[in-house]
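Below is one structure, written out as structure tokens; comments come after it.
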Amino acid sequence: MTDHHDVSVIGPGAGADTLTGRPEGTGFEVYDTEFEAVLGDDARLELVAQTDAHEGPVYIPGQDALYFTTLPRSGNIPWPGTPQAVIKRLALNGLSFPVDECRLSALPADVHMPNGMTLGHDGQLVVCEQGTRSEHARISRVDPVTGQVESLVDGWGGLRLNSPNDVVVRFDGTIWFTDPSYGHLQGFRPEPQLGDYVYRFDPASGRLSVVADCFDKPNGLAFSPDEHILYITDSGANQERGSYHVQRPHHILAFDVRDGTHLAGGRLFAVTTPGFPDGLKTDPAGRVYASSPSGVQVFNPAGDLIGQISVPGAVNFTFGGPGGAVLFITTDMAIWAVVLNTAAGTSQPRDQAPERW
């Protein structure tokens, strides 16, 4: 492991208003030369937009647009204080940042406390709806153009889901998602009927299966490039909003995927600090990216921390943009973009598989 050193970056573009310039604490921290290759000679961190981008960022290449779920706000329906969130769309303009706020719009989708999202093989958004006290939690499919919503699954064994948090779609079209009880802990969901499980849902058969029950609070998840490994974060150190219990889990586990249907060989991949891990992604070279309160931490396939993209308050992120090597990071108050080195294997596939579920 090499000595820690900073890599110079270009701050957000002009006209960033209250976030003009590069805020204190942002930048790149290099712990291994492999991360220097990821950054390349022209890596830069730029402000994309100031907005209430919270979770579930999804980039749709054909639209050059970023979708995300908003920071929950207190509403009045069905009673005062009920948290509400929506799905928003940001029309991008290549690598021209920042983006004017007029390019932001809300998707007219009837969803209830949406959180994590991903893109299905048919170009539809797959959404984790945490639900409320009056609306069931569920996994739904949302048309990114019209906002039409289709419910996919809302319970297991006759019992209601807790508050689905994050979701991925495997190449075979199966949907894998985490279901921690954060909705109850945060006061907007009833007492849990199920444990904090990780599930596999097969839209073809309608079957929902528990694939892991060993988590305190399962959160982000991502497959390795060959989909032989599933990485899952456990953010159990975060219980009540804003809490951090250091003796509880704040790590990433790795599981072998058996026959595309089961998980086996669960093992520790990495412990994150400071704070707890949230969102998770892998790049085509097999590196693992995890968001944390300090930014996005990057690990090699062996689980060694090789670097960090420091963006205080980072919540979640996704790859996108021209060439698929732009990392879009949500922070509750803004969206940031990090342009990485495509030659180092960070470039993501631009298109989804054509088959429908």
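The values are calculated or read from the model by the stated rules, or taken from the named source; none is laboratory data. Here the structure is a predicted model, which means the values were calculated and not measured. We place every Cβ from the backbone using ideal geometry, glycine too, and count neighbours over all the protein chains shown. Protein only, heavy atoms only, side chains kept; ligands, DNA and RNA dropped before computing areas. Shrake-Rupley method; radii C 1.70, N 1.55, O 1.52, S 1.80 Å.
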*asked:* Checking residue 33 against (1) farther than 22 Å from residue 315 by Cβ; (2) hydroxyl-bearing (Ser, Thr, Tyr); (3) crowded, with 19+ Cβ neighbours inside 10 Å, only one condition comes out false. Which one?
replied: (3)
*Take region 40-66 and flag every residue that is at pLDDT below 95 and either surrounded by fewer than 18 Cβ atoms within 10 Å (Cβ to Cβ) or not in a strand (DSSP E or B) (or both).*
40, 41, 42, 43, 61, 62
*Looking at this structure, is residue 346 open to solvent by less than 20 Å² (accessible area, probe 1.4 Å), under 22 Å from residue 231 (Cβ atoms) and in contact (Cβ under 8 Å) with a residue 12 or more places away in the chain?*
yes
*Quick one: which strands (runs of 3 or more DSSP E) lie wholly within region 74-167 and hold at least 1 residues that are more than 24 Å from residue 223 (Cβ to Cβ) and without any contact (Cβ under 8 Å) to a residue 24 or more places away in the chain?*
104-106, 149-153
*Give the residue, chosen from 94, 123, 157, 173, that is surrounded by fewer than 18 Cβ atoms within 10 Å (Cβ to Cβ) and under 26 Å from residue 235 (Cα atoms).*
157
*What is the residue count in region 235-250 for residues that are open to solvent by less than 40 Å² (accessible area, probe 1.4 Å) and either hydroxyl-bearing (Ser, Thr, Tyr) or modelled with pLDDT of 95 or more (or both)?*
2
*Give me the pairs, please: first residue somewhere in region 317-342 and free of Cβ contacts under 8 Å to residues at least 60 places away in the same chain, second residue anywhere and among the charged types (D, E, K, R) and assigned to a strand (DSSP E or B), beta-carbon distance under 9 Å, and either six or more positions apart or on two chains.*
327/281
*Considering region 258-276 alone, what residues qualify as being closer than 25 Å to residue 170 by Cα, without any contact (Cβ under 8 Å) to a residue 60 or more places away in the chain and open to solvent by less than 40 Å² (accessible area, probe 1.4 Å)?*
264, 269, 270
